[in-house]
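A.B. asks: Dumping the structure here so I can ask a few things about it.
Just so it is clear, none of the values below were taken in a lab; they were calculated from the coordinates. From a predicted model like this one, the values you see are computed outputs, not experimental measurements. Backbone-built Cβ (ideal geometry, glycine too); neighbour counts: all protein chains shown.
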Amino acid sequence: MTRGEPKDNILKRYLEDAIAAERNFETQLREMSKEGDNTVAQKAFAEHADQTRAQHHRLQKRLEALGGSASGFKTVLAHVFHFAPKAAQLGHDESEKATQNLIISFSVENAEVAMYEALASVAAAAGDKETELLAREIQEEERQAASIVWHMIATSAARSYQKISEAA
């Protein structure tokens, strides 16, 4: 925002951003869980959507404990921009959607790891150990999710290749 912004507003703003990002990603994951023909990936997306919902609820509770509330505007803005990566799927076979979604998910998970690093650092600078701990816990959940997704990409891509090449 601006220099001289109240310190508690800075931390609240970082929490609002994390909540908006998680709500957006939950929506994306729920959509991904219904796309393509890879049931293993669909199940993983649905499970992570549930975890993501729990994460933004935990963040919301922390924000409320600090006297803040989530910004509806930031959530709307995040949802408007979440469709951009899907443009890469145009022209791909149905069997390739899971692989494309896994790539998107891996990218988002790692961006979230970075986002939580910033939140934890701001919380530490503000002397808010509780928010710092929450950010570190969720950051680790995002690292684990990225690892799971990473290990699914190669299998999904090979499966798609087989399916497409056999149809040719």
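A.B. asks: Out of [x] 1.15; [y] 0.93; [z] 1.05, which label holds the value of Cα Rg over 2.2 N^0.38 Å that was computed here?
C.D. replies: [x]
A.B. asks: Would you work out which of GLN60, ALA135, SER165 lies farthest towards the positive end of the dipole of the chain? Charges go on Cβ: Lys and Arg +1, Asp and Glu -1.
C.D. replies: Result: GLN60, furthest along the dipole toward the positive end.
A.B. asks: Using a cut-off of 19 Å between alpha-carbon atoms, which aspartates and glutamates can reach LYS163, once sequence neighbours fewer than 8 places away in the same chain are excluded?
C.D. replies: Of all the aspartates and glutamates, those that pass the test against LYS163 - Cα under 19 Å, at least 8 places apart if same chain - are GLU35, ASP37, ASP93, GLU94, GLU96.
A.B. asks: Right, next: Give me the distance between the Cα centres of region 1-49 and region 113-156, rounded to whole Å.
C.D. replies: A separation of 12 Å, based on Cα centres.
A.B. asks: Non-local amide H neighbours of ASP128 (under 5 Å, H modeled in plane, Pro and chain starts lacking H): which ones?
C.D. replies: When sequence neighbours closer than 5 places are left aside, there are no close amide H contacts.
A.B. asks: Something else now. Mark the label point 7 Å from the Cα of LEU66 along Cα→Cβ and return the residues of region 1-26 whose backbone N is within less than 13 Å of it.
C.D. replies: Output list for this probe position: 6-20.
A.B. asks: Run the dipole for region 7-167 about the Cα centre, Lys and Arg Cβ at +1, Asp and Glu Cβ at -1, nothing else charged, and hand back the magnitude in debye, nearest 20. Spell out each step's value before the answer.
C.D. replies: On the way: 19 positive and 25 negative charges, 53 e Å.
It comes to approximately 260 debye.
A.B. asks: Under a point spin-label approximation (7 Å from Cα along Cα-to-Cβ), what is the GLU137-ASP37 distance to one decimal in nm?
C.D. replies: Distance between the two pseudo-spin positions: 4.2 nm.
A.B. asks: Under the rule of -39500 (n - 2.57) per DSSP H run of 4 or more residues, summed and divided by the residues of the chain, what mean residue ellipticity at 222 nm is obtained, to the nearest 500 deg cm²/dmol?
C.D. replies: -28000 deg cm²/dmol
A.B. asks: Now for a different question. Only helices at least 24 Å long along their own axis, judged from Cα atoms, and with Kyte-Doolittle mean hydropathy of -0.5 or greater: name those in the chain from DSSP H.
C.D. replies: Working: long enough: 7-32 (38 Å, -0.93); 39-65 (39 Å, -1.16); 97-126 (42 Å, 0.69); 129-167 (56 Å, -0.56).
For the chain, where a helix must reach 24 Å along its axis and average at least -0.5, the hits are 97-126.
A.B. asks: May I pose another question? Work out the FRET efficiency for ALA125 and THR27 from their Cβ-Cβ distance, taking R0 = 25 Å, and round it to the nearest 0.05. Please list the in-between numbers first.
C.D. replies: Working: r = 31 Å, r/R0 = 1.24.
FRET efficiency, ALA125 to THR27: 0.20.
A.B. asks: Under the rule of at least 5 residues apart or a separate chain, name every residue whose amide H is placed under 5 Å from the amide H of LEU66.
C.D. replies: Those qualifying (amide H under 5 Å, at least 5 residues apart or on another chain) number zero.
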